[in-house]
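The values are calculated or read from the model by the stated rules, or taken from the named source; none is laboratory data. All figures in this text were calculated on a predicted structure; none of them were measured in a lab. FYI the Cβ positions are ideal-geometry reconstructions off the backbone, even for glycines, and counts take in every protein chain you see. Note: accessible area is taken over every heavy atom of the protein model, side chains too, but ligands, DNA and RNA are not part of it. Shrake-Rupley method; radii C 1.70, N 1.55, O 1.52, S 1.80 Å.
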Amino acid sequence: MQMYVLALNPTDSVTEGFLPAARRLGLDVTLLTDRPEAHRDRYRDTYPDAEILECDVRDHHAVITAVSAHRRPDAVFSNSDHLQTQTALAAGYFGLPAKNWHATLRTKDKAQMRRHLAADPVRSVELAAHQDPGELLTPDLPLPCVLKPREGVASEDVVLVENPRELLEHCARIRARRPGAALVAEEYLPGELHTLETLGDGERLHVLGGFHTELSPLPYFIEERMAFVPAHPEPVVAQVLAQLDALGVGLGACHTEFVVHQERVRLIEVNYRAIGDQCDLLLAELLGIPLFEHILRTHLGEPLPADLNARSDGAARLVYPLADRAGTLSAAPGPADLTIDGVRLTYRPTRFTGERHDLYHTNRDFLGIIRATGTDQTSVDRVVEDFLAGLSWEITP
């Protein structure tokens, strides 16, 4: 069977998750991307024969043309936030299992999501690409507010602003990096950040658990630590699922971020794909299920089992060491795979010595990713902290 996978930059989710899963399922995979050389470099050792075709994957017409000119598809899939609507339209064109493109658009476009969930309003103001930032300064603007790109991801250019002066300054900075970007300013939602991870086949929706996320100090929203939550309280899960249902989410994986304040769930964002930054790899290991195969099978039109037979005794922690300044990484620890007191720990660098980076205030500041799994949260946390204490990085200005 022939599966087309749409991608922008290479990711661990595709390289270590979906491509191996497709191989185990016996699928023929063709990768469509606008960055073919980056993928060829990434797969040189693991998938030297990978079929990679250059394509403007942000344009669904280009995707349809590329697929039509190649082999008949049995599935069109993407795990990219930015490509869900294009993937849905292309899959639908060929009569294949597809996410509802209305739902992919609602979840990707933060302003559209707020409009669609008007029954649970979050005060927000949208700044179109052609508008002057000064037009945000209206009585409808909630202050303090969170300023973010309308179609952003990974806390990129997301910042808390306290007053009109800060708003205009940050609008100018974001527009300098993203010329013509549409922005959203929405009310700051208090409460601790959580996630809910779901997997559906269009008829049945499984809840896989979630994470409790610890963020960097304000005004930025960088994920620093995450702990697995096997089951959120039932009223919380019910509120999240009701809003996902209203958005039309149902096929494949979905990663939803939310806060709870005074027993009320407020969505932060909905990423209609599997959770990233190696959380998906951890989740598959922790639950003991073929997570990536399940996701791919839903896009082949196969129903999910009524019971995934997922383990329920797992504990896990992820830590993302952050760069605290711009500069060149001159010394850094290498990868590690350890088992200590029943805890399995993996460390993977995300930067390498000799690389120079600015300070981004996003997950692009990650120096590496520590993920650990076990059956006791106290033991998992202790092993992670002991391992982290032995690591050091040197950044030269």
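Where both bridge residues fall in the chain, DSSP classifies roughly 85% of the beta bridges as antiparallel.
Stokes-Einstein diffusion for segment 1-118, with the hydrodynamic radius set to the Kirkwood value over Cα pairs and evaluated at 37 °C in a medium of 0.692 mPa s, equals 224 µm²/s. Principal axis analysis of the Cα atoms in segment 259-308 yields extents of 39, 23, 20 Å, listed in decreasing size.
Shape class of segment 278-397 from the Cα gyration tensor (axes a ≥ b ≥ c, square roots of the eigenvalues): oblate, since a/c reaches 1.5 or more and a/b does not exceed b/c. Compactness of segment 237-287 is given as radius of gyration and Dmax, 12.1, 34 Å, from Cα positions. For ARG150, nonlocal amide neighbours, meaning residues 5 or more places apart or on other chains whose placed amide H falls under 5 Å from its own, are ALA182, LEU183, VAL184.
Taken about its Cα centre, segment 25-85 carries a charge dipole of roughly 80 debye when the Cβ of each Lys and Arg holds +1 and the Cβ of each Asp and Glu holds -1. Rounded if a/c is under 1.5, else prolate if a/b beats b/c, else oblate: with a ≥ b ≥ c from the C-alpha gyration tensor eigenvalues square-rooted, which is segment 109-212? It comes out prolate by the Cα gyration axes. What does the charge count near ALA372 come to, summing +1 for each Lys or Arg and -1 for each Asp or Glu among other residues with Cβ under 13 Å from its Cβ? Taking every Cβ under 13 Å from that of ALA372, the sum is -1. Rounded to the nearest 500, the helix-only mean residue ellipticity at 222 nm of the chain stands at -8000 deg cm²/dmol, with each DSSP H run of n ≥ 4 adding -39,500 (n - 2.57).
Taking amide H atoms as placed 1.01 Å from N in the peptide plane, the amide H of VAL57 lies under 5 Å from those of ASP34, each 5 or more residues away in sequence or on another chain.
Among ILE369, LEU388, LEU359, whose Cα projects farthest towards the positive end of the dipole of segment 351-390, with charges put on the beta-carbon of Lys, Arg (+1) and Asp, Glu (-1)? Of the candidates, LEU359 comes out farthest on the positive side. Applying 0.36 nm per residue to the separation of GLU203 and VAL259 and subtracting their alpha-carbon distance, the gain on full extension is 17.5 nm.
For segment 64-176, the Cβ-based charge dipole about the Cα centre amounts to some 480 debye (Lys, Arg positive; Asp, Glu negative; other atoms uncharged). Could you work out the per residue convex hull volume over the alpha carbons of the chain, in cubic angstrom? So the per-residue Cα hull volume is 147 Å³.
Excluding same-chain neighbours fewer than eight residues apart, the lysines reachable from LYS99 by a Cα-Cα span under 17 Å are LYS108. Between PRO233, THR33, HIS61, the Cα set farthest toward the positive side of the dipole of the chain (charges on each charged residue's Cβ, about the Cα centre) is that of HIS61. Shape class of segment 40-176 from the alpha-carbon gyration tensor: prolate, with a/c at 1.5 or above and a/b greater than b/c.
Only Lys, Arg, Asp and Glu count, each charged at its Cβ (+1, +1, -1, -1), so figure out the dipole size of the chain about its Cα centre, rounded to 20 debye. Let's see the in-between values first.
Values: 39 positive and 58 negative charges, 133 e Å.
That gives the chain a dipole magnitude of about 640 debye.
Accessible surface computed residue by residue for segment 189-315, with neighbouring protein chains in place and a 1.4 Å probe, gives 38 Å² per residue.
Taking a Cβ cut-off of under 9 Å around GLN278, the surrounding Lys, Arg, Asp and Glu residues balance to a net charge of -2, with basic ones at +1 and acidic ones at -1. What longest range of the chain stays clear of loop-exposed trypsin sites (Lys or Arg not before Pro) (DSSP non-H/G/I/E/B, at most 14 other C-beta within 10 angstrom)? That would be 205-310.
Counting only protein heavy atoms, what percent of the accessible surface of the chain is carbon or sulfur at a 1.4 Å probe?
Exposed carbon and sulfur together represent 50 percent of the surface.
Working note: Cα gyration tensor of segment 60-121, eigenvalues times five, square-rooted, sorted largest first, giving semi-axes of 27, 10, 8 Å.
Protein heavy-atom accessible surface, 1.4 Å probe, per residue over segment 1-77: 49 Å². Scanning residues 5 or more positions from ALA315 or on other chains, those with amide H under 5 Å from its amide H are GLY374, THR375, ASP376, with H placed 1.01 Å from N in the peptide plane.
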